[in-house]
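Colleague: Here it is, the structure in full.
Bear in mind that the values in this text are calculations on the coordinates, not laboratory data. Being a predicted model, the structure only gives us computed values, none of them experimental. Cβ coordinates were reconstructed from backbone atoms using ideal geometry, including for glycine residues, and neighbour counts include every protein chain displayed.
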Amino acid sequence: MKSIRFLLIPFLSLAVCSLAQAHAFLDHADPRVGSTVTALSQVTVFMTEELEGAFSKLQVFDAKGTEVDKKDVKVSGATMTVSVPKLGAGTYKVIWKAVATDTHKTNGTFTFTVQ
Amino acid sequence: MIAAVLVLARTVHIGSAMLLVALPLFMLVILQPGLGAERGEGYSVFCRKIIKGLWLAFILEALSGLVWLWFVAAQMSDQSPWRILDSADLNAVLWQTQFGQLWLARAAIGVLLGVVLYFVSRRKSQPRPVIYPSNWLALAVSSILLATLAWAGHAVAGIHYHILHLVADILHLLLSSIWPIGLIPLGWFLWDANQRNQVLLEDSEIGTLKRFSQFSLIAVLLLLITGFINGWLMIGSWTALFTTTYGQLLLIKVLAVMVMIGLGAYNRIYLLPRIQEGRSFLLSLRRTVLGESFLAMAVVLIVGIMGTTSPPF
């Protein structure tokens with residue numbers, strides 16, 4: 001029985017990490033990262049963790065750096081959505097800032113193109 | 001700077017929350033069955049010391065909780081810790097985020113624990129602590145306070161196996177109070193016996209050591225299950241264990257835990273059966289348990305650091 005303790009070592013060490021916290025990363029987006037689309041009414045990011053609505057942000061900028069989204073970000077679980085008006089042809093940059101419910105903060109960008 | 005303070009606050013908070021459970025648990029479950037009415041005096045004095053230790057842990061838990069909230073608010077809102085104090089964002093963190101609401105609920109539980117501890121410490125003598133309901137209530141409330149820490153961790157943000165992760169976290173936190181954090185009151189107990197110039201331990205005190213050994217073995221076995229679940233949900237692969245910062249921190253922790261278990265096995269197999277043969281065995285046991293206690297605190301520190309590091313899975 002005593003020797004069992006030694007066998008438990010790797011599991012125990014894994015066990016003690018129970019309060020470790022993760023960060024919310026981009027899982028996928030709609031429109032897809034780097035994709036080309038013909039039309040869209042909103043941009044949605046799907047994160048790997050649940051988000052805090054009060055501190056998470058999603059913005060869409062055109063090639064000149066002007067914010068083109070409607071600033072009506074909605075957060076539901078791990079998903080963040082912002083509406084956009086009818087967008088002209090060009091490349092658009094999405095900037096996201098995610099604060100997970102475990103309080104950790106991440107941010108990132110990606111682009112998509114409208115034909 | 002924010003990350004360093006958060007590591008410190010988390011470490012102190014998790015450690016003191018576990019001690020708030022470990023101390024009454026030791027007094028009521030590990031120590032108490034060895035208490036007959038005829039040998040109440042020395043134990044009563046030690047129990048009073050445990051209650052003072054409870055107050056110290058309570059104060060540390062409250063202060064570190066405030067610092068944790070303060071710096072998390074600064075981190076979430078991208079402001080300096082000094083600026084956040086004047087900002088509406090502090091209110092937003094408190095009332096509009098899951099973390100803030102959790103902290104408000106935990107503050108209410110903390111106030112309740114303070115009231116219970118007041119009634120516990122009003123009793124001048126504790127010849128048989130097990131008969132006083134307020135002592136058990138203190139254990140129950142502090143256990144709830146510790147269990148709620150699971151909502152401050154990864155389990156609450158995860159989108160996979162949410163309930164499983166939360167349950168494993170809660171059980172794991174509570175079990176950790178038996179072992180390894182329970183080593184701290186055990187070390188204190190042995191140190192106290194030495195302070196009273198006891199040459200050898202009495203039968204009831206040896207019973208206390210054996211009881212701790214049995215409880216810790218059960219705790220270790222249950223930690224195996226909850227730990228395996230947590231490890232599976234957090235790490236995801238063996239490669240990540242070696243190639244990520246999080247994994248490397250975990251490996252350092254593995255080493256600390258290996259040393260602790262090695263010392264525990266030495267105590268159980270070699271020292272405990274010889275404890276009545278001479279004072280040197282008692283002193284050796286005291287040294288190894290104190291060493292394990294320091295390692296337990298080091299493990300909590302590593303957990304604090306890992307909490308600010310992103311796990312690979």
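Colleague: Could you check the simple spin-label distance between B:ARG122 and B:ILE225, using points 7 Å along Cα→Cβ, in nm with one decimal?
Modeller: Calculated label separation equals 4.0 nm.
Colleague: Sticking with this one: Taking each residue in B:247-256, count the Cβ atoms of any other chain within 10 Å of its Cβ, then average. What number comes out?
Modeller: Per-residue shielding by partner chains comes out at 3.
Colleague: For a quick check, take a GNM of chain B with Cα springs below 10 Å and name the residue from B:LEU290, B:LEU221, B:LEU174 with the largest mean-square fluctuation.
Modeller: Result: B:LEU221 has the largest fluctuation of those listed.
Colleague: Give the average, rounded to an integer, of partner chain Cβ atoms located within 10 angstrom of each Cβ in A:100-111.
Modeller: 5
Colleague: Give the shape of chain B as rounded, prolate or oblate, defined through the alpha-carbon gyration tensor: a ≥ b ≥ c are the square roots of its eigenvalues, a/c under 1.5 means rounded, and otherwise the shape is prolate if a/b is larger than b/c and oblate if not.
Modeller: Cα axes put chain B in the oblate bin.
Colleague: Report, to the nearest 10°, how far helix B:279-306 tilts away from the longest principal axis of the Cα atoms in chain B, using its own Cα long axis and a range of 0 to 90°.
Modeller: Between helix and principal axis, roughly 10 degrees.
Colleague: Taking a label point 7 Å from the Cα of B:ASN91 along the Cα→Cβ vector, which residues of segment A:32-55 have an amide N closer than 19 Å to it?
Modeller: Flagged as within label range: A:53-55.
Colleague: Another question, if that's okay. Residue by residue, what Karplus-based ³J(HN,Hα) values in Hz, rounded to whole numbers, does segment B:218-230 have, using 6.51, -1.76 and 1.60 with θ = phi - 60° and x for Gly and Pro?
Modeller: Karplus-based 3J(HN,Hα) across segment B:218-230 equals 5, 4, 4, 5, 6, 4, 4, 5, 5, x, 5, 4, 4 Hz.
Colleague: Residue by residue through A:51-58, how many Cβ atoms from other chains fall within 10 Å of the Cβ on average?
Modeller: What the average comes to for A:51-58 is 4.
Colleague: Okay, next question. State the Kirkwood hydrodynamic radius of the protein assembly as shown in Å, one decimal place, computed from all pairs of distinct Cα atoms.
Modeller: Computed over Cα pairs of the protein assembly as shown, the Kirkwood hydrodynamic radius comes out at 23.6 Å.
Colleague: Using 1/(1 + (r/R0)^6) with R0 = 22 angstrom and r between the beta carbons of B:LYS210 and B:VAL259, what's the FRET efficiency to the nearest 0.05?
Modeller: 0.45
Colleague: So for the pair B:ILE218, A:THR36, with labels modelled 7 Å out along Cα→Cβ, what separation do we get in nm?
Modeller: So the two model labels end up 6.8 nm from each other.
Colleague: Just report the Cα centroid separation between segment A:26-97 and segment B:84-125, whole Å.
Modeller: With segment A:26-97 and segment B:84-125 each reduced to a Cα centre, they are spaced 37 Å.
Colleague: Please enumerate, by chain and number, the aspartates and glutamates with C-alpha under 13 Å from the C-alpha of B:LYS210, excluding those fewer than 8 residues away in the same chain.
Modeller: B:GLU202
Colleague: If packing is taken as the average number of other Cβ atoms within 10 Å across a peptide's residues, how do B:261-267, B:128-134 rank, most packed first?
Modeller: Descending mean neighbour count gives B:261-267, B:128-134.
Colleague: For chain B, what is the mean residue ellipticity at 222 nm derived from helices alone (per DSSP H run of n ≥ 4: -39500 (n - 2.57); sum divided by total residues; nearest 500 deg cm²/dmol)?
Modeller: Helix-only estimate at 222 nm: -25500 deg cm²/dmol.
Colleague: Report, by chain and number, residues whose modeled amide H sits under 5 Å from the one on A:THR111, excluding near sequence neighbours (fewer than 5 apart, same chain).
Modeller: Under 5 Å from the amide H of A:THR111: A:GLY34, A:VAL94.
Colleague: Let me ask something additional. Which whole-Hz ³J(HN,Hα) couplings does segment B:73-83 yield from phi under the Karplus relation 6.51 cos²θ - 1.76 cosθ + 1.60, θ = phi - 60°, glycine and proline marked x?
Modeller: 4, 5, 5, 5, 9, 6, 10, 6, x, 7, 5
Colleague: Another question about this same structure. Fully extended, how many nm does the chain gain between B:TYR132 and B:TRP55 (0.36 nm per residue separation, minus their Cα-Cα distance)?
Modeller: Between B:TYR132 and B:TRP55, full extension yields 25.9 nm more.
Colleague: If you stretched the chain out fully between B:VAL29 and B:ALA107, how much longer would it get, using 0.36 nm times the residue separation minus the C-alpha to C-alpha distance?
Modeller: 25.4 nm
Colleague: Next question, about the same structure. May I ask which residue of A:THR48, A:VAL33, A:MET80 lies farthest towards the positive end of the charge dipole of segment A:21-114, with charges of +1 (Lys, Arg) and -1 (Asp, Glu) on Cβ and the Cα centre as origin?
Modeller: Selected residue: A:VAL33.
Colleague: Dipole of segment A:21-114, Cα-centred, from +1 at each Lys and Arg C-beta and -1 at each Asp and Glu C-beta, to the nearest 20 debye?
Modeller: Value, rounded to 20: 360 debye.
Colleague: Separate question: Near the amide H of A:GLU49, under 5 Å away, which other amide H atoms are found, from residues 5 or more places off or on another chain, if H is placed in the peptide plane?
Modeller: Answer set, sorted by chain and number: A:PHE25.
Colleague: In Å and on Cα atoms, what radius of gyration and Dmax does segment A:21-114 show?
Modeller: Using the Cα atoms of segment A:21-114, the pair Rg, Dmax is 12.7, 41 Å.
Colleague: A follow-up question, please. Given the pairs B:LYS52/B:LYS253; A:LYS57/B:LYS253; A:LYS74/A:LYS105, which span a C-alpha to C-alpha distance of over 25 angstrom in this model?
Modeller: B:LYS52/B:LYS253; A:LYS57/B:LYS253
Colleague: OK, next. Quick one: Karplus J couplings for segment A:55-61, per residue in order, coefficients 6.51, -1.76, 1.60, θ = phi - 60°, nearest Hz, x for Gly and Pro?
Modeller: Computed from phi, the couplings for segment A:55-61 are 10, 8, 9, 9, 10, 10, 10 Hz.
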